[in-house]
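The structure appears right after this line, and notes come after that.
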Amino acid sequence: ENPHNISMPASDSAESTGCPAWIDRYASWHSENRHAQEAQFLVYTCRPSMPGTHSFCLGLGDRVRMIAFLLRVAAAYQRVLLVDWASPVPIERYLSPARFDWRLTPAEVEAMLPLKVIRMHAGMNMPLPATEKYVRVVGNSFWNSRLAVFEPENSRVNTNFTAPSLVCLWQALFVPSETIDAKIKQQQLLTIGSDVHTYNSIHIRMGDGAMGSAFDKNTVPVSDVRMSRAEAEKLLEYALRRSTTPLFLATDNAALKRDVQQHRWSKQLPLRTQRRVVTQGCADCMSNPVFRHNFSLDSLDSSWIDIGMLAGANCTFEKTRGRISQFTMIVRAWSHGKQCVIELPRPYG
């Protein structure tokens with residue numbers, strides 16, 4: 001019997017399935033060909049100005065899943081994958097290469113800046129330009145999208161370069177940088193205390209257009225409302241009833257975050273209970289880089305600290321079916337799928 005619907009690990013990232021051999025082969029091939037004279041490159045691009053397309057890079061989760069998708073594309077078409085995530089700040093502040101080096105040299109950046117950027121939305125609708133040395137790409141394909149829409153579903157490209165989870169692709173691509181790892185550990189001590197491994201976590205995504213959001217309505221999709229404040233409070237109450245440890249909250253809603261910091265987020269629960277929910281960072285200066293590129297460094301750091309603290313919890317409360325937030329997908333990958341998951345109830349999850 002499992003009264004709290006606890007699973008270990010999350011179903012999306014179960015390592016028991018193993019990771020495909022093509023990832024090992026590609027990691028070795030990438031290292032051997034990274035600086036080969038005849039090498040061709042596939043370059044994920046996010047910059048304030050991108051010739052051939054608009055400047056929208058979308059959110060953190062959209063970017064990660066796109067890079068994971070491009071890893072599969074690069075392996076299928078034997079191109080060296082590079083990551084030119086330069087905005088709002090270079091991604092190297094937060095993520096470092098894992099199994100192969102995807103960073104660009106200054107000379108490569110200079111050579112590529114004038115080149116057009118291709119935008120992909122749901123897989124590849126046309127072949128990559130065969131003769132171009134650098135192919136620059138931005139977009140929001142899912143990590144597990146069909147690679148080549150223009151080829152039969154059972155083609156070699158579409159069947160030989162799949163992965164059972166985002167974790168497999170993440171592990172090949174990324175490890176937390178020393179900078180963000182140190183900031184996460186420091187914040188865990190400040191927020192949780194010396195016993196930093198005895199807390200649970202929850203991510204509540206109310207939506208960019210939800211009441212209480214502090215985002216500029218001209219810079220986010222205002223139709224994105226995923227839950228009400230009452231529903232968010234019910235989720236927190238549910239999690240508190242099932243957790244004897246501090247509960248770390250990450251949320252996109254400024255009003256909810258501010259009220260948690262002031263221990264006044266619920267009209268039903270006593271103050272001592274409300275204090276068990278903790279959060280970090282500034283409530284009114286959160287960043288959402290969907291359509292913008294100019295944010296303070298502190299607000300950007302805070303988003304990645306949230307991810308690291310969610311992933312560093314003993315257990316996390318999340319929905320395991322239906323639409324899962326991109327933030328949650330990163331947390332699952334960051335923790336390598338080893339974190340226990342407590343399923344949130346419907347309809348509020």
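The values are calculated or read from the model by the stated rules, or taken from the named source; none is laboratory data. These numbers come from a predicted model, not from an experiment. Glycine gets a Cβ as well: all are built from the backbone with ideal geometry, and neighbour counts include every protein chain shown. Protein only, heavy atoms only, side chains kept; ligands, DNA and RNA dropped before computing areas. Shrake-Rupley method; radii C 1.70, N 1.55, O 1.52, S 1.80 Å.
Work out the length of the dipole vector of the chain about its Cα centre, built from +1 on the beta-carbon of each Lys and Arg and -1 on the beta-carbon of each Asp and Glu, and round it to the nearest 20 debye.
700 debye
Using the Kirkwood radius built from alpha carbon pairs, what does the Stokes-Einstein equation give as D for the stretch 178-343 at 10 °C and 1.306 mPa s, in µm² per second?
Value of D from the Cα-based Kirkwood radius: 99 µm²/s.
Can you give the FRET efficiency to the nearest 0.05 for E110 and T244, using r as the Cβ-Cβ distance and R₀ = 41 Å? Please report the intermediate quantities before stating the final value.
Details: r = 56 Å, r/R0 = 1.36.
The formula returns an efficiency of 0.15 here.
What is the chain's relative contact order, in percent, from Cα pairs under 8 angstrom and six or more apart in sequence?
23 percent
Taking GluC sites (Glu not before Pro) as exposed when DSSP calls them loop (any state but H, G, I, E, B) and at most 11 other Cβ atoms lie within 10 Å, what is the longest stretch of the chain free of them, the sites themselves excluded?
Counting at most 11 other Cβ atoms within 10 Å as exposed, the longest clean stretch of the chain is 154-349.
Could you calculate the contour length gain from D298 to A130, that is, 0.36 nm times the residue separation minus the distance between their Cα atoms, to one decimal place in nm? Show your work: numbers first, answer last.
On the way: separation 168, 0.36 × 168 = 60.48 nm, distance 4.17 nm.
Contour length minus the Cα-Cα distance gives 56.3 nm.
Counting only heavy atoms of protein chains, what accessible area per residue, in Å², does the stretch 34-148 have with a probe of 1.4 Å? Numbers along the way, then the final one.
On the way: 4610 Å² over 115 residues.
Each residue of the stretch 34-148 exposes 40 Å² on average to a 1.4 Å probe.
Greater than 26 Å separation of Cα atoms is the criterion. Which listed pairs, K183/K338; K183/K234; K185/K267, meet it?
K183/K234; K185/K267
With a 1.4 Å probe and all protein chains left in place, how much of the accessible area of the stretch 178-343 comes from carbon and sulfur atoms, in whole percent?
Here carbon and sulfur together make up 49 percent of the probe-accessible area.
Under a 10 Å cutoff between Cα atoms, tell me which one of T131, T53, T159 has the largest fluctuation in the Gaussian network model of the chain.
Maximum among the listed residues: T131.
Could you work out the Kirkwood radius for the stretch 21-176, taking every pair of different alpha carbons, averaging 1/r and inverting it, reported in Å?
On the way: mean 1/r = 0.0643 Å⁻¹.
It is 15.6 Å.
Show me the chymotrypsin sites (Phe, Trp or Tyr not before Pro) within the stretch 296-344 that DSSP assigns to loop and that have at most 10 other Cβ atoms within 10 Å of their Cβ.
none
How fast does the chain diffuse by Stokes-Einstein, in µm²/s, taking the Kirkwood radius from C-alpha pairs at 4 °C and 1.567 mPa s?
This corresponds to a translational diffusion coefficient of 61 µm²/s.
Tell me, what is the FRET efficiency for Q37 and Q262 to the nearest 0.05, using R0 = 56 angstrom and their Cβ-Cβ distance as r?
Efficiency at R0 = 56 Å is approximately 0.40.
What spacing in nm lies between the two simple spin-label points modelled at E178 and N154, each 7 Å away from Cα in the Cβ direction?
Each label point lies 7 Å from its Cα, and together they span 5.2 nm.
Loop only per DSSP, at most 15 neighbouring Cβ atoms within 10 Å: give me the chymotrypsin sites (Phe, Trp or Tyr not before Pro) in the stretch 62-155, ordered by residue number. Kindly include the intermediate steps, with their values, before the conclusion.
Working: sites: F69, Y77, W85, Y94, F100, W102, Y134, F142, W143, F150; in loops: Y77, Y94, F100, W102, F142, W143, F150.
Taking the stretch 62-155 and a limit of 15 other Cβ atoms within 10 Å, the loop chymotrypsin sites (Phe, Trp or Tyr not before Pro) found are F150.
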